Ligand SMILES: Cc1ncc(COP(=O)(O)O)c(C=O)c1O
């Protein structure tokens, strides 16, 4: 590997001012901790994890400017200075007319699904996301996957695997009628496809189709900065544009968006819902006070709002996002070099192990990705997350397991937290496991929650 190539694997574009010690417990202790956690990495204690790649959500390291901003929290119940600053920042970066703050992304999803869905309607989207689909279904909608077929093929290395297949939406319109569609959901990037981006051309195409039929489009902006990097790197005509210019153009094709600020906002908490429509805004304002708080804080403290406003601005810096994407690619390259099956190309926030090819001796109903994540933790204290049949849950109508084509373990990289050497520790452990892959054992549920089961479910080994 060309480890010293700084174009391919750039150094961190920041210095470290404050550090947090890491803790490594013994293998016996990890085995016990995993058994007690019911073979679910969500149930582990943070102190028992060495390198924590459970998620990139809210696990980011804030900058000196963000910490300084937190001292400027105006904790007024209404009309906080920090809200005025955050609202201005969001309008400047995303270009929407109205903004509603929320405590995190799912708060925005709750409000949007409540105001924009009538029972019996359909929401076509580029692959489901767990909490997003939950809110859509809770409000009586059926989610229909319209991501291009290639997104379901883990080993296929093509750009913009997160694109919507416009013909799939046309088919839904033909069969059900445009008025049956609540709105089109377009996620940038597509988390469960491996953090795969959507091209600007695809966003234009979806806009044209939506305009033709009078349908609204709402984005899930959660990882939009990562998406913008891929557009700049790989789409013709964007190499000389700034990340900020690209983000603004992306959202010019949307009627609104939900946002989990815990990812590309580079903070630990926060989110928002934004839109152009005055009437929908009025309705959203009525709901936000019920579930989140005043329309001038929506579940965030003043200091949270200051930190996220600064975080959005820092995320527009090219060197920041270039380093982030390329550090993740480094981990992917190390695994590919050793023949470990992963989702290709490597996306914007994580490397996804392809548990189908990693554990061909296990059936999907034996939860191979869940078991692989448990084994990785036991091997090295690296915490990852299942993104396969357990996360997909059950069909609300039939009660059967959804069986997603992608059965994966997500190694999610927090922003500005770990070094290349940490990536080496992770790669070495995964490669070691791959050499002994037959030892990864089948699991069965001992506790299965009805909703969003992956968060708190418990399992035991099914072969003893
Ligand atoms: C694509 C996507 N959408 C929505 C959400 C929900 O955001 P939050 O965790 O802030 O509620 C997440 C979080 O993991 C996500 O990855």
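A few comments on the model shown:
- Intensity falloff of region 148-206 expressed as log10 I(q)/I(0), Debye formula with alpha-carbon point scatterers, at q = 0.15, 0.27, 0.29 Å⁻¹: -0.48, -1.13, -1.20
- Region 1-133: projected area of the alpha-carbon convex hull, averaged over directions, in nm²: 14.9 nm²
- For region 110-188, the orientation-averaged shadow of the C-alpha convex hull comes to 5.3 nm² (one quarter of the hull surface).
- For region 214-257, the alpha carbon convex hull comes to 73 Å³ per residue, rounded to a whole number.
- Computed lengthening from residue 149 to residue 28, 0.36 nm per intervening residue step minus Cα-Cα distance: 39.2 nm
- Distance between the pseudo-spin-label points of residue 42 and residue 171 (7 Å out from Cα toward the beta carbon): 3.1 nm.
- Per-selection Kirkwood Rh - region 130-271 (Cα, Å, 1 d.p.): 15.7 Å
- Net length gained if the chain between residue 18 and residue 1 were fully extended (0.36 nm per residue, minus Cα distance): 3.0 nm
- Normalising by residue count, region 262-344 has a Cα convex hull of 149 Å³ per residue.
- Simple spin-label estimate for residue 289 and residue 178 in nanometres, 7 Å along Cα-Cβ: 3.5 nm
- Segments 263-269, 31-37, 87-93 sorted - mean Cβ within 10 Å per residue, highest first: 263-269, 87-93, 31-37
- By the equivalent-ellipsoid construction on the alpha carbon gyration tensor, region 188-272 comes out with semi-axes of 20, 17, 11 Å, ordered largest to smallest.
- Percent of alpha-carbon pairs separated by more than 37 Å within the chain: 23 percent
- Beta bridges assigned by DSSP with both partners in the chain are antiparallel in approximately 65 percent of cases.
- With a simple spin-label model that places each label point 7 Å from the Cα along the Cα-to-Cβ direction, the separation between residue 248 and residue 278 comes to 2.5 nm.
- Residues 251, 352, 312 arranged by fewest to most Cβ contacts within 10 Å: 251, 312, 352
- Ordering of 207-220, 115-128 by packing [mean C-beta count within 10 Å, highest first]: 115-128, 207-220
- Rounded to whole Å, the principal axis extents of the Cα atoms in region 1-54 read 44, 30, 19, largest first.
- For region 76-224: relative contact order, % (alpha-carbon pairs under 8 angstrom, 6 or more apart): 21 percent
- Hydrodynamic estimate: the Kirkwood radius of region 308-361 over Cα pairs, inserted into Stokes-Einstein at 25 °C and 0.890 mPa s, corresponds to D of 194 µm²/s.
- Near-label residues of region 131-151 by backbone N, under 15 Å of a point 7 Å along Cα→Cβ of residue 452: 131-139
- Residues 49, 359 arranged by fewest to most Cβ contacts within 10 Å: 49, 359
- Sequence of 252, 380, 167, 371 once ranked by neighbouring C-beta atoms within 10 Å, starting from the fewest: 167, 252, 380, 371
Every read-out reported here was derived from the displayed coordinates using simple, explicitly stated rules and does not represent laboratory data. Nothing here was measured: the structure is a model prediction, and the numbers come from that model. Counting neighbours? That spans all protein chains shown, and the Cβs are built from the backbone with ideal geometry, glycine included.
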